[in-house]
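Comments concern the structure below.
The values are calculated or read from the model by the stated rules, or taken from the named source; none is laboratory data. A quick note: this is a predicted structure, and the numbers were derived from the prediction, not measured. A quick note on method: Cβ atoms are made from the backbone with ideal geometry, for glycine too, and the neighbour counts reach across all protein chains shown.
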Amino acid sequence: MQVIERLLSKGRGESMRISTILADSLPNGAGQLLLLKRLCAEELTPSCCHLYVRLKPPFDTRHVDAVRRGLDGKSARVAKAAADLAAKLPLDAELTSQLRSSFDQWMTKEDPYPKKGGVVPDSPREALAKLLVIPFAGDHEFLMCLAKDDRSDVRATAREPILKAAEASSKLRKRLVQETERDALGPTLLRAAIAAGLYPSAEASEILPLLQSHLARVRYAALPILDPKYLPIDLVRTESTRLLSDTDMDIREAASRTLGKLS
């Protein structure tokens, strides 16, 4: 057991991964104690991500401390592993506050997201966002922050919570239209909201100006509103006919399909 403990303390890379397997094979939970000791009492290295994966229930305050130390460290790989462990723990108010603080900190701690392509850097924020959208489901500002995030995986965590919240909030529905119109949100979220029937006839007209935008992606976002379920059929026909000469091929094709359904 002392050999495994030394490997856990000094190991790096593959040797650390193998040492966690050896620790996991120890009887009577001895390996779990070694893993927790390494995570809670020694300096964390990037290879410590392997230790978090091997932790098993029952969970207690030592596991919460391991999560905290991992999230407070410098390694994104370790922080992600710590966030994955947090998903297995009871989410009380204190841990929720810690996770929210860590999410905000990693917005600046993680390497920048490559907007023009390239290797996507490790980050714990997707895993943290998945946990936080539950207790912060009523915090529309936080949900919108997620929806605007540079990372696509973080944005994806906001989709269902925002759509669910928008069902009961006309203010949030209007916010989706406004943020899309000024190109602060991509087209996917508004399109999904329209397709889900969240914009009744009284609100559908507020989306029409987006079809006049100089940005093709904004016009594209508003296309689903061209449906007799939401707008008068004559207006749908008029707007769809106009869009047949749009500069964007996808919009022209969508307008053609809409007219075909009206025939």
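Tell me, please, whether a residue that is over 19 Å from the mean Cα position of the chain (by Cα) and either closer than 30 Å to G118 by Cα or among the β-branched types (V, I, T) (or both) can be found in the range 146-162. No, the range 146-162 has no match at all. Taking K130, is it surrounded by 22 or more Cβ atoms within 10 Å (Cβ to Cβ), under 30 Å from R38 (Cβ atoms) and either of a type in the set (D, E, K, R) or in contact (Cβ under 8 Å) with a residue 60 or more places away in the chain (or both)? No; evaluated as a whole, the condition is false for this residue. Set side by side, the residues V67, V53 differ, and just one is buried (at least 23 other Cβ atoms within 10 Å of the Cβ) and among the β-branched types (V, I, T), which is V67.
The single condition among (1) modelled with pLDDT under 95; (2) in a helix (DSSP H, G or I); (3) under 25 Å from D122 (Cα atoms) that I4 does not meet is (3). Which one of the conditions (1) at pLDDT 95 or above; (2) among the acidic types (D, E); (3) surrounded by fewer than 16 Cβ atoms within 10 Å (Cβ to Cβ) does E42 fail to meet, given that it meets all the rest? That leaves (1) as the condition not met. Of the helices (runs of 4 or more DSSP H) lying entirely inside the range 40-143, those containing at least 2 residues that are within 22 Å of S9 (Cβ to Cβ) and of a type in the set (D, E) are 61-72. Quick check on T241: is it part of a helix (DSSP H, G or I) and over 33 Å from the mean Cα position of the chain (by Cα)? Yes, satisfied. For the range 85-127, the tally of residues that are exposed (fewer than 15 other Cβ atoms within 10 Å of the Cβ) and hydroxyl-bearing (S, T, Y) stands at 3.
The residues listed here are D60, D92; of these, the one that is more than 16 Å from the chain's Cα centre (by Cα), under 21 Å from F142 (Cα atoms) and not hydroxyl-bearing (S, T, Y) is D92.
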